[in-house]
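**Q** Take this structure, written in structure tokens, and hold onto it; I'll ask about it next.
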Amino acid sequence: MKKDFLCLTDWRREELEAIFDLTRELKAKQKRGEEHHLLKGKTLGMIFEKSSTRTRVSFEVGMFQLGGHALFLSSGNTQMGRGEPIKDTARCMARYVDGVMIRTFSQAAVEEFAACSSVPVVNGLTDLYHPCQVMADLFTVSEQRPNWRELVYCWIGDGNNMANSWINAAAVFGFELRVATPDAYRPDAAVMERARQRGARVSYTASPAEAARGAHVLNTDVWASMGQEAEQKEREIAFQGYQINAGLLKSAAADCLVMHCLPAHRGEEITDEVIEGPHSIVFDEAENRLHVQKAILATLMA
């Protein structure tokens, strides 16, 4: 029976940790220059309705390193972009490729595509969730801190798809998560409620300093995501004080780690000093998108 990777809470903790184990194995082989063609002869269709740097490159290179092939499809150059029903595209693509990755706006569209597809579907990003990124983030922390499940994590900034995915991760893995956003920009209420029903240790505050106090991992994202560019000025005002900077790090644990999913607006949600400083693991997490996604694809498609 095929399985999709649409949302972290669709998976059990032990299944996600098995993906981490495979990630370590594949990353070690890649670093040693050893072939690991787990998907030899397989093809991944990649549908992009949102622009991308890391998602496209990491999935395309990952499929090549796994011995397979990735096919880039921009929605503007496909029949989906001209109004073809999602279910028709999904059924046809499943007859051509062995898996599909979608980066788009609507989570409902990805779920409909997956429901109609006979091959695995991976959520490369929607406005609601970004599960591959959070998997890469957590794997990166695990490389730095063997006790990563016992650390205190905090999210500072917009209650966007990344915040929602961190809440889901806390529900699955059991670590403590503190979320600090302006009141008008909280994470999705339904996501938060479902996590709390699962016993997740997730708390909300409007104070970044309170969220960061003693925290081991600090994380943020841009204040205006793709599709919200018209709100940039309004958001710059609303998010004043929600910046990860040297002053905020003084509230956190002395050996804290700082993360950002990129692209970053340096000087807004994070300072150049911090992203280039000794606490930053930003570019390690960017690299690990490649390794984690390879493990996800191999788990679904091998």
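The values are calculated or read from the model by the stated rules, or taken from the named source; none is laboratory data. All figures in this text were calculated on a predicted structure; none of them were measured in a lab. Here Cβ is always computed from backbone atoms with ideal geometry, including for glycine, and neighbour counts include all displayed protein chains.
**Q** Listed residues VAL172, VAL179, VAL274, VAL258; which is within 19 Å of ASP127 (Cβ to Cβ) and either in contact (Cβ under 8 Å) with a residue 12 or more places away in the chain or buried (at least 22 other Cβ atoms within 10 Å of the Cβ) (or both)? Lay out the reasoning, then the answer.
**A** Numbers: VAL172 fails: within 19 Å of ASP127 (Cβ to Cβ); VAL274 fails: within 19 Å of ASP127 (Cβ to Cβ); VAL258 fails: within 19 Å of ASP127 (Cβ to Cβ).
Result: VAL179 is the single residue among VAL172, VAL179, VAL274, VAL258 that is within 19 Å of ASP127 (Cβ to Cβ) and either in contact (Cβ under 8 Å) with a residue 12 or more places away in the chain or buried (at least 22 other Cβ atoms within 10 Å of the Cβ) (or both).
**Q** Collect the residues in the range 154-174 that are hydrophobic (A, V, I, L, M, F, W, C) and part of a loop (DSSP other than H, G, I, E, B), keeping them in residue-number order.
**A** Within the range 154-174, the subset hydrophobic (A, V, I, L, M, F, W, C) is 154-156, 162-163, 166-167, 169-173.
The answer is none; no residue qualifies.
**Q** Only one of GLU143, GLU112 is part of a helix (DSSP H, G or I), charged (D, E, K, R), out of contact with any strand residue (DSSP E or B) (no Cβ under 6 Å at 6 or more places or on another chain) and within 20 Å of PHE48 (Cα to Cα); which? Don't jump to the end; show me each part of the working.
**A** Numbers: GLU143 fails: within 20 Å of PHE48 (Cα to Cα).
Just one listed residue meets the conditions, GLU112.
**Q** Which residue pairs have Cβ atoms under 6 Å apart, sit 6 or more places apart or on different chains, and have a first residue in the range 102-128 that is closer than 17 Å to LYS87 by Cα and a second that is polar (S, T, N, Q) and part of a strand (DSSP E or B)?
**A** Listed by first residue and then by second, the contacts come to VAL110/ASN123.
**Q** Please work out which residue is farthest from the chain's Cα centre (by Cα), limiting yourself to the range 186-230 and to residues that are modelled with pLDDT under 95 and assigned to a helix (DSSP H, G or I).
**A** ALA230
**Q** Restricting to the range 1-50, name every residue that is more than 23 Å from THR126 (Cα to Cα) and assigned to a loop (DSSP other than H, G, I, E, B).
**A** Matches in the range 1-50: MET1, GLY33, GLU34, GLU35, HIS36, HIS37, LEU38, LEU39, LYS40, GLY41, LYS42.
**Q** Here is a list of conditions, (1) surrounded by fewer than 17 Cβ atoms within 10 Å (Cβ to Cβ); (2) in contact with a Gly (Cβ under 6 Å, 6 or more places away or on another chain), and TYR96 meets all of them except one; can you say which number that is?
**A** (2)
**Q** Of the conditions (1) at pLDDT below 95; (2) under 19 Å from MET162 (Cβ atoms); (3) of a type outside the set (Ser, Thr, Tyr), LYS233 fails just one. Which one is it?
**A** (2)
**Q** Hey, among the residues in the range 120-140 that are assigned to a loop (DSSP other than H, G, I, E, B) and of a type outside the set (A, V, I, L, M), which one's surrounded by the most Cβ atoms within 10 Å (Cβ to Cβ)?
**A** Kept after step one, since they are assigned to a loop (DSSP other than H, G, I, E, B), are these residues of the range 120-140: 120, 126-130.
From the residues that got through so far, the ones that are of a type outside the set (A, V, I, L, M) too are 120, 126-127, 129-130.
On the way: PRO120: 21, THR126: 24, ASP127: 18, TYR129: 24, HIS130: 27.
Among them, the one singled out is HIS130.
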